[in-house]
1. Taking CYS51 as meeting all but one of (1) at pLDDT 95 or above; (2) within 28 Å of THR165 (Cα to Cα), write down the number of the exception.
2. Could you say which residue among ALA378, ALA353 is modelled with pLDDT of 90 or more, out of contact with any Cys (no Cβ under 9 Å at 6 or more places or on another chain) and assigned to a strand (DSSP E or B)?
3. Select from region 336-364 the residues that are within 19 Å of LEU102 (Cα to Cα), in contact (Cβ under 8 Å) with a residue 60 or more places away in the chain and either buried (at least 22 other Cβ atoms within 10 Å of the Cβ) or more than 15 Å from the chain's Cα centre (by Cα) (or both) and list them in ascending order.
4. Could you check how many residues of region 44-76 are polar (S, T, N, Q) and open to solvent by less than 40 Å² (accessible area, probe 1.4 Å)?
5. Based on this model, can you work out whether THR165 counts as of a type in the set (Ser, Thr, Tyr), within 19 Å of THR361 (Cβ to Cβ) and at pLDDT below 95?
6. Filter region 107-162 for residues that are more than 22 Å from ALA360 (Cα to Cα) and acidic (Asp, Glu); which is most open to solvent (accessible area, probe 1.4 Å)?
7. Give the residue that is farthest from GLU4 (Cα to Cα), with candidates limited to residues of region 92-122 that are part of a helix (DSSP H, G or I) and in contact with a Leu (Cβ under 7 Å, 6 or more places away or on another chain).
Amino acid sequence: MAEEESVKLFVGQVPKHMTESQLLAMFQEFALVDEVNIIKDKATRASRGCCFVICPSREEADKAISECHNKKTLPGASSPLQVKYADGELERLEHKLFIGMLPKNVSDAEVSALFSNYGTIKDLQLLRGYQQTSKGCAFLKFETKEQALAAIEALNGKHKIEGSTVPLVVKWADTEKERQARRAQKALSLASNVSNSDSRQHLYGALPMGYMSPYNGYGYQNQHAYHNLIPPLNQGNAIRGVTPDLSSGMAPRNFSVSPNYVGSAYPAVHGVQYPLTYHGGMISNRPLGGPSSSLSPSTANSQSAASSSVSTSSGGQNEGPPGANLFIYHIPQEFGDDELASAFQRFGRVLSAKVFVDKATGVSKCFGFVSYDSPVAAQNAINMMNGFQLGGKKLKVQLKRDNKQNKPY
């Protein structure tokens, strides 16, 4: 018989004057309880009016919930106790594993046959991406914790499925709380407030939203004192031949901006770069007027509307023409192929995006490749993203070297 697992409960509406020993004695009237831990304020160490209760089994935990949740009000409390499973406990009790480094052509039956050697499989799900192609990973649930542990011990980093050159990654699946934390981190990384960085990181181009006065319908107040930097855009093509004056010490100036251009995806128009929408705000860290980065409005429109049929397989990279392939350093640890493609697809049609991972652990090595269908798109990605701060790191974006040269990593 499988050994019972201890279960953690969260309890709210606990009077702040009660001690852990008092709470333990109270809960033991209804169920077997091993431990009570009061949740305290980090600064004052005073009770926050809630605690964790550790029960020796799920059966005893269910007893505590049944007898106390919304039924028992402790002296000094205004509402009855709130007793429930702590975050992630129910998922942990499902004995759910994550399996990585599976061959792309592996079938459900092959995975099931391998893992059934270690116990009874309750559920198996192979993850699929574009066009229902396998992502090379899966989730699997065992009947007991012991079975899941046996599979991890026997297979993680040790077993190679036929057709694969790297061993499997087999580990406990993340809980919903952990997944939410990761998604929040990704969102913060993508929408990181560049206004907190040194202003020198955002040279001459579109300024962070935090440095601008509220949009009044037709213009922004430039807070970085770049005199004559951006001429009126609502004068059609009258901006040709502008020579930016980057002298320091100039007074702030209002620039008229046509509403049609606000938040547009034009990296450059007739040699002058303009705001680029990037999730939470407008960003740029490159000088104006770079000859290789200039785009006509029609080119920019076609690029922003282009479909990004992105290849994110773990196999060979689908490369573009010469000069259209990028190497990216300092990719955030939590980024996968899809997130990398999403971050770079605004500059043109992405043919493929690949984040390299450690063969043994499946953990990102924080570098990868992005390939476009044109050198113009690649150059604009370099202009805008090289040095851009993402996830606490500054990206390094450069053209991928020819295969005959030494690899940059």
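1. (2)
2. Only one candidate qualifies: ALA353.
3. LYS359, ALA360, THR361, GLY362
4. Qualifying residue count, region 44-76: 2.
5. yes
6. In this case the residue turns out to be GLU143.
7. My answer is ASP108.
Residues are listed down the side, and each one gets a yes or a no for (1) modelled with pLDDT of 95 or more; (2) in contact with a Gly (Cβ under 6 Å, 6 or more places away or on another chain):
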{"site": "GLY76", "(1), (2)": "no, no"}
{"site": "ARG92", "(1), (2)": "no, no"}
{"site": "HIS95", "(1), (2)": "no, no"}
{"site": "PRO103", "(1), (2)": "no, yes"}
{"site": "SER107", "(1), (2)": "no, no"}
{"site": "GLU110", "(1), (2)": "no, no"}
{"site": "PHE115", "(1), (2)": "yes, no"}
{"site": "ASP123", "(1), (2)": "no, no"}
{"site": "LEU126", "(1), (2)": "no, no"}
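The values are calculated or read from the model by the stated rules, or taken from the named source; none is laboratory data. On a predicted model such as this, the values are computed, not experimentally measured, just so you know. Glycine also receives a Cβ, built like all others from the backbone with ideal geometry; neighbour counts cover every protein chain displayed. Just so you know, the surface numbers come from the protein's heavy atoms only, side chains and all, with ligands and any DNA or RNA stripped out. Shrake-Rupley method; radii C 1.70, N 1.55, O 1.52, S 1.80 Å.
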